[in-house]
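K.L.:
One structure follows; several queries about it will come next.
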Amino acid sequence: MTDRFDNPFVDELFMRAGEGRISASGLKVVQSGGYRFPYENLRGASTLGARSARFWAHGYGPVGGAFWDPDGYHLRSEADFHVGLDKLAEASDAQVLIWPYFPMQAREYGWLENWVSLRLGRNTAKGLIPRTREHTRAFLNCESSAVGEDDGGLQLSRNKRKTTGRQWRRLEELGSLQFESTRDGLDHNEAIEAFLRVEASGWKANRGTALAVNAELNAFAHAFLPGMLANGRAQIDLMVLDGRCLSGLVTFHCGRGLFTWKTGMDDVYKRYSPGVQILLEVSRQAVSDPGVDYIDSLADSGHPVAEHIWAGRRQLATLFVPLTGLGRVAAQGLCSAYSTRDTARYWAKRALGRV
């Protein structure tokens, strides 16, 4: 599984759409071989006077891998990775690099340790890269669709299969039920607007996280989706009952991976689990597609749907990468500050009954 760590969010269209919306300022990007390193210099985030930069990974693009291989050749190279890190360190003039959502199972983690050891003149990387926000998330290994496979197959229980099957049959009794997809010719603009409407018809609208109810997020989606749909790097699937969209899913393609970015469902039909139905349909399509090796759920740890469908788990963490001797001390301080802030937020949410 070490080769399956592509990053669709370093696509130029996605990155530029996020400037001024997801990022506070313009992004800078350095490249080497098959690697792209988008980053932003941070202001007011110094520790012990050390300058900080951050790899551009965030809640709307939660992949910290730097590998960009849209055609799926997987020509990874430690030399290219190290050259890219050298360029990043020089261009950012930072002393510590904050790197969210780093894929800990990727071979690049070992290469990063080697690079830091060489840069700081150490014989070992032990203790040089502090990390926090360690978590796992669900993924599907499409090469193994057997129930309960340890390497990441579908793990839908017998009871869950019976339940989803019964829900599908009840929906079919209500009218003509079908799946529509941009990969099968569904009009791109029609698909975008249908998805935005159905996402805003559920609980996400009440929490203000639906793309359509936030002007900046709405503009963000419209800035990159048409282009990425046109070049085949994005896909929208809809579940439709008599012309009414019950659920929708936006996914990204990169390398041999599929990334489930956003899902939405019509709350009127929630007892039929249309969100689960569309995830299962896309999973089945991926398993039968020779061009797709895996699905990354991009979901939070403990997600109530993804973790009950897909057996695989990815390990992620926020790294604090020292680039200088001072940066090594600052990295420890920043890691502690992040951990303290996260703990405070957790207990604040507990007090408000949100966890």
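The values are calculated or read from the model by the stated rules, or taken from the named source; none is laboratory data. Please read all numbers here as calculations on a predicted model, not as lab measurements. Ideal geometry is used to build each Cβ from the backbone, glycine not excepted, and the neighbour counts take in all protein chains shown. Accessible surface areas use protein heavy atoms only, side chains included; no ligands, DNA or RNA. Shrake-Rupley method; radii C 1.70, N 1.55, O 1.52, S 1.80 Å.
K.L.:
Does ARG137 satisfy the criteria of being in contact (Cβ under 8 Å) with a residue 12 or more places away in the chain and open to solvent by less than 20 Å² (accessible area, probe 1.4 Å)? Walk me through how you get there before you give the answer.
P.N.:
Details: in contact (Cβ under 8 Å) with a residue 12 or more places away in the chain: yes; open to solvent by less than 20 Å² (accessible area, probe 1.4 Å): yes.
Taking the combined requirement at face value, the residue satisfies it.
K.L.:
Within the range 65-88, track down each residue that is of a type outside the set (D, E, K, R) and assigned to a loop (DSSP other than H, G, I, E, B).
P.N.:
Just the residues of the range 65-88 that are of a type outside the set (D, E, K, R), to begin with: 65-68, 70, 72-75, 77, 79, 81-85, 88.
Scanning the range 65-88 gives GLY65, ALA66, TRP68, PRO70, GLY72, TYR73, HIS74, LEU75, SER77.
K.L.:
Let me ask something else. Given the conditions (1) in a helix (DSSP H, G or I); (2) open to solvent by 10 Å² or more (accessible area, probe 1.4 Å); (3) among the β-branched types (Val, Ile, Thr), which single one is not true for THR263?
P.N.:
(1)
K.L.:
Do we find a residue being in contact with a His (Cβ under 9 Å, 6 or more places away or on another chain) and more than 29 Å from ASP300 (Cβ to Cβ) anywhere in the range 124-138? Can you show your working first?
P.N.:
Within the range 124-138, the subset in contact with a His (Cβ under 9 Å, 6 or more places away or on another chain) is 137-138.
From what's left, more than 29 Å from ASP300 (Cβ to Cβ): none.
Scanning the range 124-138 turns up no residue that is in contact with a His (Cβ under 9 Å, 6 or more places away or on another chain) and more than 29 Å from ASP300 (Cβ to Cβ).
K.L.:
For the condition closer than 20 Å to ALA331 by Cα, small (Gly, Ala, Ser) and touching a helix residue (DSSP H, G or I) at 6+ places or on another chain (Cβ under 8 Å), what is the one hit in ALA66, ALA91, ALA53? I'd like the intermediate steps shown before the answer.
P.N.:
Values: ALA66 fails: closer than 20 Å to ALA331 by Cα; ALA91 fails: touching a helix residue (DSSP H, G or I) at 6+ places or on another chain (Cβ under 8 Å).
Checking each option against the conditions leaves just ALA53.
K.L.:
If you take just the strands (runs of 3 or more DSSP E) that sit entirely in the range 7-64, which of them hold at least 3 residues that are within 23 Å of HIS82 (Cα to Cα) and touching a Leu at 6+ places or on another chain (Cβ under 7 Å)? Walk me through how you get there before you give the answer.
P.N.:
Details: elements: 28-32, 35-47, 50-55.
So the answer is 35-47, 50-55.
K.L.:
Within the range 200-213, can you find the residues that are open to solvent by 50 Å² or more (accessible area, probe 1.4 Å) and either in a helix (DSSP H, G or I) or closer than 14 Å to VAL240 by Cα (or both)?
P.N.:
TRP203, ASN206, ARG207, VAL213
K.L.:
Where the second residue is of a type in the set (Asp, Glu) and at pLDDT 95 or above and the first is closer than 14 Å to ALA53 by Cβ and surrounded by 21 or more Cβ atoms within 10 Å (Cβ to Cβ) and lies in the range 79-90, which pairs have Cβ atoms under 8 Å and are six or more apart or on separate chains?
P.N.:
Correct list of pairs: empty, since none qualify.
K.L.:
While we're looking at this one, here's another question. Let me confirm something: among GLU199, GLU180, which residue is touching a strand residue (DSSP E or B) at 6+ places or on another chain (Cβ under 7 Å) and more than 29 Å from ARG314 (Cα to Cα)?
P.N.:
On the way: GLU199 fails: more than 29 Å from ARG314 (Cα to Cα).
The conditions single out GLU180.
K.L.:
A follow-up question, please. Going by the conditions given, is VAL268 open to solvent by 70 Å² or more (accessible area, probe 1.4 Å) and over 30 Å from GLY49 (Cα atoms)?
P.N.:
Numbers: open to solvent by 70 Å² or more (accessible area, probe 1.4 Å): yes; over 30 Å from GLY49 (Cα atoms): yes.
Considered against the rule, which asks whether it is open to solvent by 70 Å² or more (accessible area, probe 1.4 Å) and over 30 Å from GLY49 (Cα atoms), VAL268 comes out as yes.
K.L.:
Next up: Identify, from the list ARG197, ARG183, the residue that is open to solvent by 50 Å² or more (accessible area, probe 1.4 Å), part of a helix (DSSP H, G or I) and farther than 22 Å from LEU13 by Cβ. Spell out the reasoning first.
P.N.:
Working: ARG183 fails: farther than 22 Å from LEU13 by Cβ.
None of the others qualify; the one that does is ARG197.
K.L.:
Do we have HIS303 as open to solvent by 10 Å² or more (accessible area, probe 1.4 Å), modelled with pLDDT under 95 and in a helix (DSSP H, G or I) here?
P.N.:
Values: open to solvent by 10 Å² or more (accessible area, probe 1.4 Å): yes; modelled with pLDDT under 95: yes; in a helix (DSSP H, G or I): no.
So HIS303 does not fit the description; no.
K.L.:
Right, something else. Quick one: how many residues across the range 229-257 are without any contact (Cβ under 8 Å) to a residue 60 or more places away in the chain and either more than 20 Å from the chain's Cα centre (by Cα) or under 28 Å from ARG169 (Cα atoms) (or both)?
P.N.:
Of the residues in that region, 13 qualify.
K.L.:
I would also like to ask the following. Scan ALA50, ALA66, ALA24, ALA57 and give me the residue that is surrounded by fewer than 17 Cβ atoms within 10 Å (Cβ to Cβ) and touching a strand residue (DSSP E or B) at 6+ places or on another chain (Cβ under 8 Å). It would help to see each step written out before you state the result.
P.N.:
Details: ALA50 fails: surrounded by fewer than 17 Cβ atoms within 10 Å (Cβ to Cβ); ALA66 fails: surrounded by fewer than 17 Cβ atoms within 10 Å (Cβ to Cβ); ALA57 fails: surrounded by fewer than 17 Cβ atoms within 10 Å (Cβ to Cβ).
From the options ALA50, ALA66, ALA24, ALA57, the qualifying one is ALA24.
K.L.:
While we're on this one: So GLU216 clears everything in (1) charged (D, E, K, R); (2) part of a helix (DSSP H, G or I); (3) at pLDDT 95 or above except one condition, right? Which one?
P.N.:
Unmet condition: (3).
K.L.:
Being touching a Phe, Trp or Tyr at 6+ places or on another chain (Cβ under 8 Å) and at pLDDT below 90 narrows it down to one of ARG233, ARG207, ARG256, so name that one. Working first, answer last.
P.N.:
Values: ARG233 fails: at pLDDT below 90; ARG207 fails: touching a Phe, Trp or Tyr at 6+ places or on another chain (Cβ under 8 Å).
Going through ARG233, ARG207, ARG256 in turn, just one is touching a Phe, Trp or Tyr at 6+ places or on another chain (Cβ under 8 Å) and at pLDDT below 90: ARG256.
K.L.:
Return the total of residues in the range 220-260 being in contact with a Gly (Cβ under 6 Å, 6 or more places away or on another chain) and surrounded by fewer than 20 Cβ atoms within 10 Å (Cβ to Cβ).
P.N.:
First, pick out the residues of the range 220-260 that are in contact with a Gly (Cβ under 6 Å, 6 or more places away or on another chain): 238, 241-242, 247-248, 255-256.
Among the residues that remain, those that are also surrounded by fewer than 20 Cβ atoms within 10 Å (Cβ to Cβ) are: 241-242.
Residues meeting the conditions: 2.
K.L.:
If GLY291 meets every condition in (1) over 15 Å from the mean Cα position of the chain (by Cα); (2) at pLDDT 95 or above apart from one, which number is that one?
P.N.:
If we test GLY291 against (1) over 15 Å from the mean Cα position of the chain (by Cα); (2) at pLDDT 95 or above, just (2) comes out false.
A quick yes/no check of all residues on (1) in a helix (DSSP H, G or I); (2) closer than 21 Å to PHE67 by Cα; (3) touching a helix residue (DSSP H, G or I) at 6+ places or on another chain (Cβ under 6 Å); (4) open to solvent by 50 Å² or more (accessible area, probe 1.4 Å):
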position	(1), (2), (3), (4)
PHE102	no, yes, no, no
ASN114	yes, yes, no, yes
LEU118	yes, no, no, yes
LEU128	no, no, yes, no
THR132	no, no, yes, no
LYS162	yes, no, no, yes
GLN167	yes, no, yes, no
LEU171	yes, no, yes, no
GLY175	no, no, no, no
